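Here the structure comes first, spelled out in structure tokens, and everything after it is commentary.
Bear in mind that the values in this text are calculations on the coordinates, not laboratory data. Predicted model only: the values in this text are computed from it and were never measured. Using ideal geometry, Cβ is built from the backbone for each residue, glycine included, and neighbour counts are taken over all protein chains shown.
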Amino acid sequence: MKQNRHWAIYDSGHAMESAFIKNLLSGEVPAPFQDLKDKTGAFFSASTLNRFIREEAIHDDYSLTQNRQRSIRTFSSGEQKMALFNHLLSKKPDFLILDNAVDMLDQYANTQLRLRLETLSERMTIIQIFRRKDEILPFIRHILYLQGDSVVVSGPMEAYRDLSKEMEPFSFNGEIPPASVEFEPMGDPLVRFKNVSVEYGGKKILNNICWEIKKGDFWQLTGPNGSGKTTLLTMVTGDNPKAYGQDLLLFGRKKGSGESIWEIKEKIGYVTPAMTVLFNGNHTVKNMVVSGLYDSIGQYRKPSPFEEDLACQWIDLIGLTGLKKEWFADLSEEQQCMVLIARAMIKHPPLLILDEPTHGIGDHSVSVVTALINKIVNESRTTVVYVSHKKERGLVASSIYELIPGKRGSEGSIQ
């Protein structure tokens, strides 16, 4: 039996990557993938997942969940990925293209997916697009390294050495721009859960959660996929009706005491990879950052000269000075992440929630994002909650809140 040849693709600037994928899936097979001509492929990626999310929202297409009672948007990031993976395999493709396949998965799910992919590799070709060297699947022996408009390396993995180099820690020049507004004094802790429990349709999600987030804290929220991290976050952001009737304190007020959802949201900066779906229109980088002052999707009023200058200061700080007038949708994932953090921080919110901020970005970009987070922690009064399965090099939270699943729902543990 002929052994499948599997490939890893790394594109330093993502300039050629999309063209390769498009050609592979359309049948216009580029070198060195001629053996895939006339074969059927599937694309496992964030863009594919976002397309299903939009179809569900617009056309009530529940292909991924097969359950009209539960939206794919209510799944955790890891659960969404596994739902997409199973759906694609049900179509029985001849080859599978993976874009950041194991990112945002907990250790157990990561291991299980890798085992499934290794089994699949015996009967189909696997092409892995990767950003981080530690994500390369062990059975892949060939690499395609793209840079600019050129193919730098196309051949055995041994021919490629660049990604074996350790990344140097990144540091920013300049200080964080000043706050645009002064928030009214509020109590401490900013957020307090006291014996909070949540269930959906008889399934227990959270069990007696007790957690205080105080001013100046830097927390990492962790736990397996499906443990309730998303549920916990939506109770803080005001997006979850399960918060009503609970002993939950938000910014000095008990939940349900007459506050509006906008009064809650104005005090929170929020960054998650799913936000890129909301901003797929014509929004410039500068308008994106300015919109953080209004908590709006897009810019609906003319900003003042002070607000425009403040946005430009943030854009300069994150190193995108020359891209102020570029479309946000045209930026790389790394650049989009930086813009979303600047958008969330422009008003210096009392609380900043970073939900998997390093998802989909490369080793160098991770060092830039972690440096920016550390700068925010050290140079602002904003309290930070960082959500991730990973312990990124150089990013050390003061405390860790871990959700541990159990039969009665997840319980919390402080480390």
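What the table below lists for this structure:
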{"quantity": "Most positive-pole-ward Cα, Pro138, Leu372, Asn287, against dipole of the chain from beta carbon charges", "calculated": "Pro138"}
{"quantity": "Helix runs (DSSP H) in the chain reaching 27 Å along axis by Cα, Kyte-Doolittle at least 1.0", "calculated": "none"}
{"quantity": "Residue pairs, from the table Lys133/Lys347; Lys214/Lys391; Lys39/Lys391; Lys81/Lys324; Lys133/Lys325; Lys204/Lys265, whose Cα atoms sit over 30 Å apart", "calculated": "Lys133/Lys347; Lys39/Lys391; Lys81/Lys324; Lys133/Lys325"}
{"quantity": "Among 239-252, 353-366, the order from most to least packed when residues are scored by Cβ within 10 Å on average", "calculated": "353-366, 239-252"}
{"quantity": "Calculated FRET value between Tyr244 and Arg408, using beta carbons and R₀ = 22 Å, to 0.05", "calculated": "0.55"}
{"quantity": "Pairwise FRET efficiency - Thr321 versus Ser399, Cβ, R0 = 35 Å, nearest 0.05", "calculated": "0.50"}
{"quantity": "Burial order of peptide ranges 19-31, 328-340 (average beta-carbon count within 10 Å, highest first)", "calculated": "328-340, 19-31"}
{"quantity": "Charge dipole magnitude, Cβ of K and R +1, D and E -1 - the chain, Cα centre, debye nearest 20", "calculated": "1140"}
{"quantity": "Per-peptide average of other Cβ atoms within 10 Å, ordering 88-99, 127-138 highest first", "calculated": "127-138, 88-99"}
{"quantity": "Fully extended contour minus Cα-Cα distance, from Asp134 to Glu308, at 0.36 nm per residue", "calculated": "58.6 nm"}
{"quantity": "Net length gained if the chain between Leu89 and Lys194 were fully extended (0.36 nm per residue, minus Cα distance)", "calculated": "33.5 nm"}
{"quantity": "Förster-model FRET efficiency, 51 Å R0, Ser180 and Leu115, C-beta, rounded to 0.05", "calculated": "0.55"}
{"quantity": "Helix-derived mean residue ellipticity, 222 nm - over the chain, DSSP H n ≥ 4, -39500 (n - 2.57), to 500", "calculated": "-8500 deg cm²/dmol"}
